[in-house]
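Q: Once you've had a glance at the structure underneath, I'll fire off some questions.
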Amino acid sequence: MSINKDELYKKLADSIVDMDEELTIEISKQVIAEGFDAYDAIVNGLTVGMNQAGKLFDEEEYFVPELLICSDAMYAGLDILKPHIKVGENEIKRKAVIGVIEGDTHDIGKNLVKIMLETGGYDIVDLGRDVLPSTFVEKAKEENAEFIVISTLMTTTMEGMNEVIEILVKEDIRDDYKVLIGGGPISQGYADKIGADGYAENAAEAVKLVNKLVIAYGNEI
(Lines give C-alpha, C1' and ligand atoms only; values in the text may rest on other atoms or scores of the structure.)
Protein backbone atom coordinates (compact mmCIF):
# COMPACT_ATOMS: atom_id res chain seq x y z
CA MET A 1 0.00 0.00 0.00
CA SER A 2 1.54 3.30 -1.13
CA ILE A 3 1.80 6.13 1.36
CA ASN A 4 0.42 9.54 0.39
CA LYS A 5 3.07 12.19 0.95
CA ASP A 6 0.62 14.98 1.78
CA GLU A 7 -1.21 12.78 4.30
CA LEU A 8 2.10 11.96 5.95
CA TYR A 9 3.02 15.64 6.21
CA LYS A 10 -0.40 16.38 7.72
CA LYS A 11 0.14 13.66 10.33
CA LEU A 12 3.51 15.21 11.06
CA ALA A 13 1.90 18.62 11.57
CA ASP A 14 -0.84 17.12 13.73
CA SER A 15 1.74 15.36 15.91
CA ILE A 16 3.24 18.76 16.75
CA VAL A 17 -0.15 20.25 17.64
CA ASP A 18 -0.99 17.14 19.68
CA MET A 19 2.33 17.46 21.57
CA ASP A 20 3.20 13.87 20.69
CA GLU A 21 6.99 13.85 20.41
CA GLU A 22 7.23 10.07 19.97
CA LEU A 23 4.84 10.20 17.03
CA THR A 24 6.73 13.15 15.52
CA ILE A 25 9.93 11.10 15.66
CA GLU A 26 8.21 8.04 14.20
CA ILE A 27 6.70 9.96 11.27
CA SER A 28 9.94 11.85 10.61
CA LYS A 29 11.76 8.53 10.32
CA GLN A 30 9.01 7.30 8.01
CA VAL A 31 9.52 10.34 5.75
CA ILE A 32 13.17 9.38 5.32
CA ALA A 33 12.40 5.67 4.90
CA GLU A 34 9.92 6.46 2.12
CA GLY A 35 12.46 8.63 0.33
CA PHE A 36 10.42 11.83 0.62
CA ASP A 37 12.18 15.20 0.59
CA ALA A 38 13.29 16.19 4.10
CA TYR A 39 13.04 19.92 3.44
CA ASP A 40 9.46 19.53 2.16
CA ALA A 41 8.60 17.62 5.32
CA ILE A 42 9.98 20.45 7.45
CA VAL A 43 8.11 23.13 5.47
CA ASN A 44 4.81 21.27 5.05
CA GLY A 45 4.85 19.23 8.25
CA LEU A 46 6.86 20.56 11.19
CA THR A 47 6.50 24.25 10.37
CA VAL A 48 2.80 23.98 9.61
CA GLY A 49 2.25 22.22 12.93
CA MET A 50 4.23 24.82 14.87
CA ASN A 51 2.35 27.64 13.15
CA GLN A 52 -0.92 26.00 14.21
CA ALA A 53 0.36 25.68 17.78
CA GLY A 54 1.36 29.34 17.71
CA LYS A 55 -2.14 30.28 16.58
CA LEU A 56 -3.66 28.28 19.44
CA PHE A 57 -1.34 30.15 21.79
CA ASP A 58 -2.47 33.50 20.37
CA GLU A 59 -6.09 32.40 20.86
CA GLU A 60 -5.26 31.41 24.47
CA GLU A 61 -6.20 27.78 23.90
CA TYR A 62 -2.58 26.83 24.48
CA PHE A 63 -0.29 28.39 27.06
CA VAL A 64 3.49 28.45 27.54
CA PRO A 65 3.80 24.84 28.84
CA GLU A 66 1.88 23.43 25.85
CA LEU A 67 3.87 25.56 23.45
CA LEU A 68 7.16 24.33 24.89
CA ILE A 69 6.07 20.70 24.47
CA CYS A 70 5.10 21.44 20.85
CA SER A 71 8.53 23.00 20.34
CA ASP A 72 10.27 19.96 21.81
CA ALA A 73 8.38 17.73 19.38
CA MET A 74 9.28 19.99 16.45
CA TYR A 75 12.98 20.01 17.35
CA ALA A 76 12.95 16.22 17.75
CA GLY A 77 11.59 15.90 14.21
CA LEU A 78 14.06 18.48 12.96
CA ASP A 79 16.98 16.51 14.41
CA ILE A 80 15.93 13.55 12.25
CA LEU A 81 15.09 15.43 9.05
CA LYS A 82 17.78 18.12 8.94
CA PRO A 83 20.76 15.82 8.18
CA HIS A 84 18.93 14.61 5.05
CA ILE A 85 18.46 18.05 3.48
CA LYS A 86 20.22 18.36 0.14
CA VAL A 87 22.48 21.42 0.23
CA GLY A 88 24.89 22.32 -2.55
CA GLU A 89 28.44 21.60 -1.41
CA ASN A 90 29.99 24.58 -3.17
CA GLU A 91 27.39 27.15 -2.19
CA ILE A 92 28.58 30.21 -0.25
CA LYS A 93 26.67 30.53 3.02
CA ARG A 94 24.93 33.88 3.24
CA LYS A 95 24.73 35.36 6.74
CA ALA A 96 21.78 37.04 8.44
CA VAL A 97 21.15 38.50 11.88
CA ILE A 98 17.64 37.88 13.18
CA GLY A 99 15.72 39.03 16.21
CA VAL A 100 12.51 40.39 17.74
CA ILE A 101 12.47 44.19 17.99
CA GLU A 102 12.75 46.06 21.30
CA GLY A 103 9.65 45.88 23.49
CA ASP A 104 8.43 42.51 22.19
CA THR A 105 9.18 39.08 23.66
CA HIS A 106 7.07 36.95 21.28
CA ASP A 107 9.58 34.80 19.42
CA ILE A 108 7.69 31.82 17.98
CA GLY A 109 7.62 33.34 14.51
CA LYS A 110 11.24 34.46 14.71
CA ASN A 111 12.34 30.98 15.78
CA LEU A 112 10.48 29.37 12.87
CA VAL A 113 12.07 31.76 10.38
CA LYS A 114 15.49 31.06 11.90
CA ILE A 115 14.99 27.30 11.58
CA MET A 116 13.74 27.57 8.01
CA LEU A 117 16.64 29.81 6.95
CA GLU A 118 19.16 27.49 8.61
CA THR A 119 17.67 24.45 6.92
CA GLY A 120 17.78 26.44 3.67
CA GLY A 121 21.55 26.73 4.01
CA TYR A 122 21.90 30.20 5.55
CA ASP A 123 24.19 31.16 8.43
CA ILE A 124 21.95 32.73 11.09
CA VAL A 125 22.99 34.84 14.08
CA ASP A 126 20.07 34.88 16.54
CA LEU A 127 19.90 38.08 18.60
CA GLY A 128 16.91 36.84 20.59
CA ARG A 129 13.99 38.92 21.85
CA ASP A 130 13.54 42.56 22.87
CA VAL A 131 16.48 43.69 20.71
CA LEU A 132 17.43 47.37 20.45
CA PRO A 133 17.39 48.82 16.91
CA SER A 134 21.04 49.82 17.32
CA THR A 135 21.96 46.24 18.25
CA PHE A 136 20.66 44.93 14.93
CA VAL A 137 23.00 47.32 13.12
CA GLU A 138 25.99 46.74 15.40
CA LYS A 139 25.72 42.95 15.13
CA ALA A 140 25.18 43.05 11.37
CA LYS A 141 28.45 44.98 11.06
CA GLU A 142 30.31 42.72 13.50
CA GLU A 143 29.14 39.53 11.78
CA ASN A 144 29.55 40.83 8.20
CA ALA A 145 25.93 39.86 7.64
CA GLU A 146 24.09 40.60 4.42
CA PHE A 147 20.56 40.37 5.81
CA ILE A 148 18.86 41.94 8.83
CA VAL A 149 15.66 40.07 9.68
CA ILE A 150 13.31 41.69 12.19
CA SER A 151 10.00 40.48 13.62
CA THR A 152 7.31 41.69 15.97
CA LEU A 153 3.81 40.66 17.00
CA MET A 154 2.92 44.01 18.55
CA THR A 155 1.76 47.18 16.81
CA THR A 156 3.35 49.24 19.59
CA THR A 157 6.87 48.08 18.66
CA MET A 158 6.63 48.37 14.86
CA GLU A 159 8.36 51.76 14.84
CA GLY A 160 11.54 50.05 16.04
CA MET A 161 11.85 48.42 12.62
CA ASN A 162 11.87 51.86 11.04
CA GLU A 163 14.55 52.94 13.52
CA VAL A 164 16.85 50.16 12.30
CA ILE A 165 16.58 51.49 8.74
CA GLU A 166 17.04 55.08 9.91
CA ILE A 167 20.28 54.12 11.69
CA LEU A 168 21.55 52.40 8.54
CA VAL A 169 20.74 55.52 6.51
CA LYS A 170 22.35 57.84 9.08
CA GLU A 171 25.54 55.77 9.06
CA ASP A 172 25.49 55.73 5.23
CA ILE A 173 25.47 51.91 5.10
CA ARG A 174 21.86 51.33 4.06
CA ASP A 175 22.87 49.77 0.76
CA ASP A 176 25.12 47.24 2.53
CA TYR A 177 22.17 45.28 3.96
CA LYS A 178 18.86 43.83 2.90
CA VAL A 179 16.30 44.45 5.68
CA LEU A 180 13.42 41.97 5.89
CA ILE A 181 10.50 42.32 8.29
CA GLY A 182 7.57 40.18 9.39
CA GLY A 183 5.09 39.39 12.13
CA GLY A 184 1.39 39.59 12.90
CA PRO A 185 0.74 43.33 12.40
CA ILE A 186 3.24 43.75 9.56
CA SER A 187 2.21 44.09 5.92
CA GLN A 188 3.82 44.74 2.55
CA GLY A 189 2.39 48.24 2.81
CA TYR A 190 4.30 48.90 6.03
CA ALA A 191 7.48 47.43 4.54
CA ASP A 192 7.13 49.83 1.60
CA LYS A 193 6.40 52.74 3.93
CA ILE A 194 9.61 52.36 5.95
CA GLY A 195 11.75 51.33 3.00
CA ALA A 196 12.39 47.71 3.98
CA ASP A 197 13.63 45.38 1.25
CA GLY A 198 10.93 42.81 1.81
CA TYR A 199 8.11 41.38 3.89
CA ALA A 200 7.23 37.73 4.46
CA GLU A 201 3.93 36.44 5.79
CA ASN A 202 5.41 33.25 7.25
CA ALA A 203 8.62 31.27 7.68
CA ALA A 204 8.45 29.43 4.36
CA GLU A 205 7.82 32.70 2.49
CA ALA A 206 10.78 34.29 4.31
CA VAL A 207 13.12 31.68 2.84
CA LYS A 208 11.69 32.22 -0.65
CA LEU A 209 12.16 35.97 -0.23
CA VAL A 210 15.79 35.65 0.85
CA ASN A 211 16.51 33.24 -2.01
CA LYS A 212 14.89 35.67 -4.45
CA LEU A 213 17.03 38.56 -3.19
CA VAL A 214 20.20 36.47 -3.44
CA ILE A 215 19.39 35.60 -7.06
CA ALA A 216 18.41 39.20 -7.88
CA TYR A 217 21.42 40.89 -6.33
CA GLY A 218 24.04 38.13 -6.30
CA ASN A 219 27.42 39.41 -5.15
CA GLU A 220 26.11 42.96 -4.77
CA ILE A 221 24.85 42.12 -1.26
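Q: Carbon and sulfur: what percent of the chain's accessible surface (1.4 Å probe)?
A: Numbers: 5470 of 11530 Å².
That fraction is 47 percent.
Q: For the chain, count the residues as N, evaluate 2.2 N^0.38 Å, and divide the Cα radius of gyration by that value, please. Walk me through the numbers on the way to the answer.
A: Details: Rg = 17.8 Å, N = 221, 2.2 N^0.38 = 17.1 Å.
Normalised Cα radius of gyration, the chain: 1.04.
Q: Just how large is the dipole of the chain about the Cα centre, in debye to the nearest 20, putting +1 at every Lys and Arg Cβ and -1 at every Asp and Glu Cβ? Mind showing how you got there, number by number?
A: Numbers: 21 positive and 43 negative charges, 122 e Å.
For this selection, approximately 580 debye.
Q: Now for a different question. So which DSSP H runs in the chain come out at 20 Å plus along the axis (Cα) with average Kyte-Doolittle of at least 1.6? Walk me through the intermediate numbers first.
A: Working: long enough: 64-81 (25 Å, 1.21); 203-217 (21 Å, 1.05).
Membrane-span-like by this criterion, though nothing is claimed about a membrane: none.
Q: Any chance you could count the Lys pairs in the range 71-148 whose alpha carbons are under 26 Å apart, treating pairs 8 or more apart or on different chains as valid?
A: Lysine pairs meeting the criterion: 19.
Q: Still on this structure: Counting residues in the range 4-79 as N, plug N into 2.2 N^0.38 Å and put the Cα Rg over that result. Mind showing how you got there, number by number?
A: Details: Rg = 11.6 Å, N = 76, 2.2 N^0.38 = 11.4 Å.
Its radius of gyration relative to the 2.2 N^0.38 Å reference: 1.02.
Q: Would you mind computing, in nm to one decimal, how far apart the modelled labels at ARG174 and GLU34 are, each placed 7 Å from Cα along Cα→Cβ?
A: 4.9
Q: Shifting gears a bit: Please compute the modelled spin-label separation between LEU132 and ASP192, points set 7 Å along Cα→Cβ, answer in nm with one decimal.
A: Distance between the two pseudo-spin positions: 3.4 nm.
Q: May I pose another question? Give me the one-decimal nm value for the distance between modelled label points at GLU201 and GLU159, 7 Å along each residue's Cα-to-Cβ direction.
A: 2.9
The values are calculated or read from the model by the stated rules, or taken from the named source; none is laboratory data. None of the values given here were measured: they were computed from a predicted structure. Backbone-built Cβ (ideal geometry, glycine too); neighbour counts: all protein chains shown. Calculation scope for accessible area: heavy atoms of the full protein, side chains included, ligands and nucleic acids excluded. Shrake-Rupley method; radii C 1.70, N 1.55, O 1.52, S 1.80 Å.
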